[in-house]
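These notes are about the structure you will find just below.
What follows is calculated from the coordinates using simple rules that are stated; it is not laboratory data. Since the structure is predicted, the reported quantities are computational estimates derived from the model, not experimental observations. Every residue, glycine among them, receives a Cβ derived from its backbone with ideal geometry; neighbour counts consider all protein chains shown.
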Amino acid sequence: AYVSVRDSIADYICNELDSVRHTAVTCTVIDAVPDFVQQYYEALDIPVSSLRADAVVSAVFDLSRNESKSLFYAQKISVNEKVFTDASKDLLPGDTVGVRGCGKFRFNDVIKTTKKGKLRISADLYK
């Protein structure tokens, strides 16, 4: 496994981390992640009614708005690695959204507004 950490604590982690649960591990510091480990994603271009977090999550994972809201209330959604419970907040370009049990995506930006007033957004769904 690869873990990204700040340079200032990399040596400390390598010196102190010797097991994960009952499994012995070894650490080494590397400068760059190898190509075969890079995350792959599927580029999405989808319509949403608004940039509210619950609307975008429901569109990306093909959920109803109520299913999406229940995930927020159950604290199963994180935005930029922090638990996110306010379904009515708008997502910002560059936000990374993780949904426990569904997957993870990065919201890129609004591409355009459709004739009917919906927003067309660009997102990357991690595989």
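Can you give the net charge of the other residues whose Cβ lies under 14 Å from the Cβ of Val5, counting K and R as +1 and D and E as -1?
Counting the neighbours of Val5, the net charge comes to -4.
With 5 Å bins from zero, work out the P(r) of the chain over every alpha carbon pair and list the percent per bin.
Using 5 Å bins, I get a P(r) of 2, 10, 17, 17, 14, 12, 10, 9, 6, 2, 1, 0 for the chain.
When the Karplus curve 6.51 cos²θ - 1.76 cosθ + 1.60 is applied with θ = phi - 60°, which whole-Hz ³J(HN,Hα) does each residue of the range 42-52 get, with x for Gly and Pro?
After applying 6.51 cos²θ - 1.76 cosθ + 1.60, I find 10, 6, 10, 9, 10, x, 9, 6, 7, 8, 4 Hz.
For the chain, give the magnitude of the charge dipole about the Cα centre (Cβ charges: +1 Lys/Arg, -1 Asp/Glu; no others), in debye to the nearest 20. Mind dumping the intermediate values first?
Values: 17 positive and 17 negative charges, 188 e Å.
I would put it at about 900 debye.
With label points built 7 Å along Cα→Cβ from the Cα atoms of Arg100 and Glu16, find their separation and express it in nm.
2.5
Pick out, in residue order, every one of the GluC sites (Glu not before Pro) in the range 23-127 that is DSSP loop and has at most 15 other C-beta atoms within 10 Å; say none if there are none.
Loop-located and lightly packed - Glu81.
For the range 55-71, in order, what is each residue's ³J(HN,Hα) by Karplus, 6.51 cos²θ - 1.76 cosθ + 1.60 with θ = phi - 60°, in whole Hz (x at glycine and Pro)?
Computed from phi, the couplings for the range 55-71 are 5, 5, 4, 5, 6, 5, 9, 6, 10, 6, 5, 5, 4, 5, 4, 5, 5 Hz.
List the aspartates and glutamates whose alpha-carbon lies under 17 Å from that of Lys116, not counting same-chain residues fewer than 8 positions away?
Asp45
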